[in-house]
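Everything on this sheet refers to the single structure shown next.
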Amino acid sequence: MKILLVRVSSLGDVLHNMPIVDDLRRQFPQARIDWVVEEAYVQLVRLNPGVDQVFPFALRRWRKSLGQAATRQEIRNFFRQLRQEQYDLVLDTQGLLKTGIIMGLAKTVKGGKKVGLANGTEGSGYEGISRIFHDISVPVDKRTHAVLRGRLVAAVAGGYTVNTPASFGLQAPDIPADQHAWLPATPYAVFFHGTAGAAKKWPRENWQAIAAELKNYELPILLPWGSAAEKTEAEEMAAIMPNATVLPALSMQAATLLAQKARLAIGVDTGLTHIAAAYETPTIEIYCASPRWKTEGNWSDKIINLGDSGEPATVDEVRGAIGILMRATSTQQ
């Protein structure tokens, strides 16, 4: 059995595709499972030992230089490498024209199946034209969780039923010690405060109040950032939070380690918060402007989801969640 997964972006969507690998491995232990993903997320996918080969897809970079011969050759090389394999199942769980084209160009064995989404969920970027590349299109409810949506596509393709909590199967990143010298030797909390959408942000005074709360637990706070604007924001937050430290620029691997090792992760609806939840790090997910049903961590009691679109979590709710998670994890240690 050879299976190809096509889920190219973005960070959160790639992460939420991970449980498909665990599902398929339980059903087909000897299967070869390959994955096409945007090159920025290759290292994340490689943290899942259930994936055999990763095909880096560089559309974001290629678009900037399509007129160059080297870029066109790189695109040809990508598809040539992809088409060297013949798959029993090709699964497109993103439902876009670009992922449909990848599916269409992938080869299948005689009797192989190409399976994708028959429709999008509420507010998704689904593109119906992707269905022309399918042998089977799987309908999902308009409010199907991002993790379950992909798992249902794979289950229909593989002829099994989804009846277990999601398992992400991620190993800890293995990076040299000198690349994470900033990592404390003692327990710490991390605030994933940064997000591209301003509406998703949680007010700074709320973060300040939670920083004060964490003094009761003697937890230092680490503040990562991913852009110049986020760095400035982190520095301004640290200036009013005596127990907070701004981190240096982190690679994807280092940021993943930060999320995985935390004693407590608190973050808005963003990729690194979801990574912490995938590792079942004690995590508080704060929703401010996006529907909670889409991505909430619902696979572990170590994850508490607060707020919703237009109804941000309150400071008191987050304080209460901190108490619950700190008590629960203390009894487990």
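The values are calculated or read from the model by the stated rules, or taken from the named source; none is laboratory data. All values derive from a computational prediction rather than experimental measurement. Positions of Cβ are generated from backbone atoms using ideal geometry, with glycine treated the same way; all protein chains shown enter the neighbour counts. Note: accessible area is taken over every heavy atom of the protein model, side chains too, but ligands, DNA and RNA are not part of it. Shrake-Rupley method; radii C 1.70, N 1.55, O 1.52, S 1.80 Å.
Listed values, structure above:
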item: Cα centroid separation, segment 173-195 to segment 251-265 (Å); result: 5 Å
item: Reachable lysines, given that their alpha-carbon falls under 30 Å from the alpha-carbon of K113 and they are not under 8 places away in the same chain; result: K2, K98, K142, K294
item: Förster-model FRET efficiency, 25 Å R0, Q27 and A328, C-beta, rounded to 0.05; result: 0.20
item: Alpha-carbon centroids, segment 283-333 and segment 10-29: separation in whole Å; result: 23 Å
item: Cα-based reach from K107 at 16 Å (exclusive), listing aspartates and glutamates while leaving out same-chain residues under 8 positions away; result: D34, E85, D88, D92, D135
item: Projected-area average for the chain over all orientations - Cα convex hull basis, square nanometres; result: 17.8 nm²
item: Proximal lysines relative to K215, as straight alpha-carbon distance under 20 Å, when same-chain residues fewer than 8 apart are discounted; result: K261
item: Debye log10 I(q)/I(0) at q = 0.15, 0.18 Å⁻¹ for segment 11-116, Cα point scatterers; result: -0.67, -0.96
item: Distance histogram for segment 10-54 (every C-alpha pair counted, 5 angstrom bins, percent rounded to whole numbers); result: 5, 23, 35, 23, 11, 4
item: Gaussian network model of the chain, Cα within-10 Å springs - most flexible of P176, P165, P49; result: P176
item: Convex hull (Cα only) mean projected area of segment 152-214, reported in nm² to one decimal; result: 8.7 nm²
item: Spin-label zone in segment 20-43 - amide nitrogen under 18 Å from a point set 7 Å from the Cα of I101 along the C-beta vector; result: 36-40
item: Per-selection Rg to Rh, segment 141-294 - Cα, Kirkwood hydrodynamic radius; result: 1.01
item: Label-to-label distance, nm, for residues given as K110 and A209 (7 Å Cα→Cβ offset); result: 6.8 nm
item: In Å², nearest 10: area of Y217 left accessible to a 1.4 Å probe; result: 80 Å²
item: Area of R204 that stays accessible when all protein chains are in place (1.4 Å probe, Å², to 10); result: 90 Å²
item: Mean shadow area of segment 199-275 over all directions, Cα convex hull, nm²; result: 5.0 nm²
item: Scattering curve values for segment 266-324, log₁₀ I(q)/I(0), Debye with Cα scatterers, q = 0.14, 0.28 Å⁻¹; result: -0.31, -1.22
item: K2 accessible area, 1.4 Å probe, all protein chains in place, Å² to nearest 10; result: 70 Å²
